[in-house]
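For reference, the structure is listed below as structure tokens.
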Amino acid sequence: MSRTRVLIMGAAGRDFHNFNVYFRNNASYEVVAFTATQIPGIGGRVYPASLAGNLYPQGIPIYDEAELSDLIQRYTVDQVVFAYSDVKHEFVMHKASQVMAAGADFRLMGLHTTQLRSHRPVISIGAVRTGCGKSQTARKVVSLLQQQGLRVVAVRHPMPYGDLSVQAVQRFASYADLDLHECTIEEREEYEPYIERGAVIFAGADYEAILRRAEQEADVIVWDGGNNDTPFFASSLHIVVVDPHRPGHETSYHPGETNVRMANIVIINKVDTANYADVLRVREQIEEVNPAALIIEAASPIFVDDPLEIRGKRVLVIEDGPTLTHGEMTFGAGVIAAKRFGASEIVDPRPFAVGSIQTTYAKYPTTGAVLPAMGYGAQQIADLEATINAADADLVIAATPVDLTRVLKSRLPMKRVRYELQEIGTPTLDEILAEEFVRGVAL
């Protein structure tokens, strides 16, 4: 019997996971290629034989998505699997149209074929868009569970930007682990806050192996779902964060709407800085598509050491990279801090941009007068450093979860902005988690 020839479209995350759990040992299919997008420099690699399994002794080639139509013809592809996230529904259908016009079937894979089951209770945290506040929500859940005396291990959505053959299972418990695994800025942004809390976080490329390792040292596993993806693990409590600064996105992006529809709890974040009409609009959308969900309103207050040092200064603002790029935000906590604490001017970094930072602005022209903390590799980190040091400013405001001074040298003093989730009114996450564990739902 001939095997169905499959191409998987991805961004070094969901694509590899879908392959591992469904296609890797499935003799009915032959995965002939992956395509890659969203993340700079991830095309032109090979998914290694050590991860691909016995059916793929040469591994599987990874191409740039720009070659999609040609690849369908070249490899006589029967089926294309769409496997990345944080994109408009319309974008997904444009890709479907491109695939079908080239002669192949187009497929989206659901939870039953892609989720792994744990021997431990799992709480999953997701979002509808990058930059909603998922990370601080996940951090708070971890801290609250730790306060209950539970051993908590976090597992982060994939970020395998390096050598995949050595990134099957990654465990981070110290800053030395970040250096050991040669983490990018984007990885450090996600891992450092857990290390600061004394928590262990796993990531990598093989989530069956990661899950079994995490189970060995956890009472509870927290799934930290990056890029608004749906959980890789079946969970007993699914928390989803939405952003009233982008009303309507909760039902117009993939797979953000899936997250909203399957959520047990939806957190409307940033209500302190959003228009009230937009908060109401988002609430109405949630109630329409998932009336059973419990809705919590929350803020993400900012914290700055010695905020008076900002007053009167000309500041260069650095924001979380993915939030500005495919998250499509034009500002973040850094801009809010600059305005709130009296900066005299927010310096436009674009005239000082060099190398890959210039390329980023060209690719994402709506980014605005802020500097995205791009650092997917050594050269991009060097370009970011050069851009910072070329800027005509008095002070840098860095509103990214990573301590940038650990990875680059700035000639300007750098002021970090931190932000944490703060529920408004009741119920709070603390109350909900306590009730869930008392009732035995999560355990």
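The values are calculated or read from the model by the stated rules, or taken from the named source; none is laboratory data. All of these numbers come straight from a predicted model, not from anything done at the bench. Cβ coordinates were reconstructed from backbone atoms using ideal geometry, including for glycine residues, and neighbour counts include every protein chain displayed. Heads up: the accessible areas ignore ligands, DNA and RNA and are worked out on the full protein's heavy atoms, side chains in. Shrake-Rupley method; radii C 1.70, N 1.55, O 1.52, S 1.80 Å.
Per residue of segment 145-152, in order, report the coupling 6.51 cos²θ - 1.76 cosθ + 1.60 (Karplus, θ = phi - 60°) as ³J(HN,Hα) in whole Hz, putting x for Gly and Pro.
These are the phi-based 3J(HN,Hα) values: 5, 4, 5, 7, x, 8, 7, 10 Hz.
Take the alpha carbon atoms of segment 410-434, find their center, do the same for segment 173-236, and report the distance between the two centers in whole angstrom.
Their Cα centres are 19 Å away from one another.
Positive end of the dipole of the chain, charges at C-beta (+1 Lys, Arg; -1 Asp, Glu), about the Cα centre: which of 27, 401, 292 has its Cα farthest in that direction?
Farthest along the dipole direction, towards plus: 27.
Taking H placed 1.01 Å from N in the peptide plane, check which residues at least 5 places from residue 408 or on another chain put their amide H under 5 Å from its amide H.
Hits under the 5 Å cutoff: none.
Given springs between every Cα pair under 10 Å in a Gaussian network model of the chain, which of 316, 111, 429 has the largest fluctuation?
Residue with maximal mean-square fluctuation among 316, 111, 429: 111.
Could you rank 311, 283, 14, 213 by how accessible they are, 1.4 Å probe, largest area first? Mind showing how you got there, number by number?
On the way: 311 150, 283 65, 14 20, 213 95 Å².
Largest accessible area first, the residues go 311, 213, 283, 14.
Under a plain spin-label model, where a point goes 7 Å from the Cα along Cα-to-Cβ, how far apart in nm are residue 209 and residue 403?
3.1
Can you give me the long-range amide H partners of residue 106? Hydrogens built in the peptide plane at 1.01 Å from N, cutoff under 5 Å, separation of 5 or more residues or another chain.
80
Shape verdict for segment 56-172, please, from the Cα gyration tensor: rounded (a/c under 1.5), prolate (a/b greater than b/c) or oblate.
prolate
With a cut-off of 8 Å between alpha carbons and a minimum separation of six or more residues, what is the relative contact order of segment 92-203 in percent?
25
If you take every residue apart from residue 126 with its C-beta less than 15 Å away from the C-beta of residue 126, what net charge results, scoring Lys and Arg +1 and Asp and Glu -1?
After counting each charged neighbour, the total is 0.
Can you put 182, 319, 196 in order of accessible area, largest first, using a 1.4 Å probe?
Largest accessible area first, the residues go 182, 196, 319.
Quick one: net charge of residue 268's neighbours, Cβ under 10 Å, K/R +1, D/E -1? Walk me through the numbers on the way to the answer.
Working: positive: 270, 283; negative: 243, 250, 278, 297.
With Lys, Arg at +1 and Asp, Glu at -1, the neighbours total -2.
Could you give each residue of segment 339-344 its phi-based ³J(HN,Hα) in whole Hz, using Karplus coefficients 6.51, -1.76, 1.60 with θ = phi - 60°, and x for Gly or Pro?
Karplus values, whole Hz, x for Gly and Pro: 6, 5, 9, x, 4, 6.
Per residue of segment 6-23, what does 6.51 cos²θ - 1.76 cosθ + 1.60 with θ = phi - 60° give for ³J(HN,Hα)? Whole Hz please, x for Gly and Pro, Karplus curve as stated.
10, 10, 10, 8, x, 8, 6, x, 4, 4, 5, 5, 4, 4, 4, 8, 10, 9
List every residue whose amide H lies under 5 Å from the amide H of residue 60, counting only residues 5 or more places away in sequence or on a different chain, with H placed 1.01 Å from N in the peptide plane.
Placed amide hydrogens put 47 under 5 Å from residue 60.
Rolling a 1.4 Å sphere over the protein heavy atoms, what is the accessible area per residue of the chain, to the nearest Å²? Spell out each step's value before the answer.
Details: 17150 Å² over 443 residues.
On a per-residue basis, the chain sits at 39 Å².
What is the gain in length, in nm to one decimal, between residue 424 and residue 100 on full extension, counting 0.36 nm per residue of separation less the C-alpha to C-alpha distance?
111.9 nm is the gain from fully extending residue 424 to residue 100.
Under a Cβ-Cβ cut-off of 9 Å, what is the net charge of the residues other than residue 332 that fall near it, where Lys and Arg count +1 and Asp and Glu count -1? Can you show the working numbers first?
Working: positive: none; negative: 319, 320.
Around residue 332, the surrounding residues sum to -2.
Could you work out the relative contact order of segment 1-99, using alpha carbon pairs under 8 angstrom and six or more residues apart, expressed as a whole percent?
Across segment 1-99, relative contact order equals 34 percent.
Heavy atoms only, 1.4 Å probe, whole protein assembly: order 67, 288, 187 by accessible area, highest first.
Descending order: 288, 67, 187.
Quick check for me: using +1 on Lys/Arg Cβ and -1 on Asp/Glu Cβ, what's the dipole size of the chain about its Cα centre, in debye to the nearest 20?
280
For n ≥ 4 DSSP H runs only, could you compute -39500 (n - 2.57) per run for the chain, divide by its residues and tell me the 222 nm figure to the nearest 500?
Result for the chain: -9000 deg cm²/dmol, rounded to the nearest 500.
Could you identify which residue out of 147, 170, 285 has the top mean-square fluctuation in a GNM of the chain using Cα springs shorter than 10 Å?
The residue that fluctuates most here is 147.
Once neighbouring chains are kept in place and the probe is 1.4 Å, which whole percent of the accessible area of the chain is contributed by carbon and sulfur?
Of the solvent-accessible surface of the chain, carbon and sulfur hold 49 percent.
For the chain, what is the percent of antiparallel DSSP beta bridges, rounded to the nearest 5?
Here the share of antiparallel DSSP bridges comes out near 20 percent.
Given the options 209, 104, 298, which has the most mean-square fluctuation in a GNM of the chain, springs set between C-alpha atoms less than 10 angstrom apart?
209
What is the distance in Å between the Cα centres of segment 122-142 and segment 352-375?
Spelled out, the Cα-based centre of one part sits 26 Å from the other.
Normalising by the residue count of the chain, find the relative contact order in percent from Cα pairs under 8 Å and 6+ residues apart.
15
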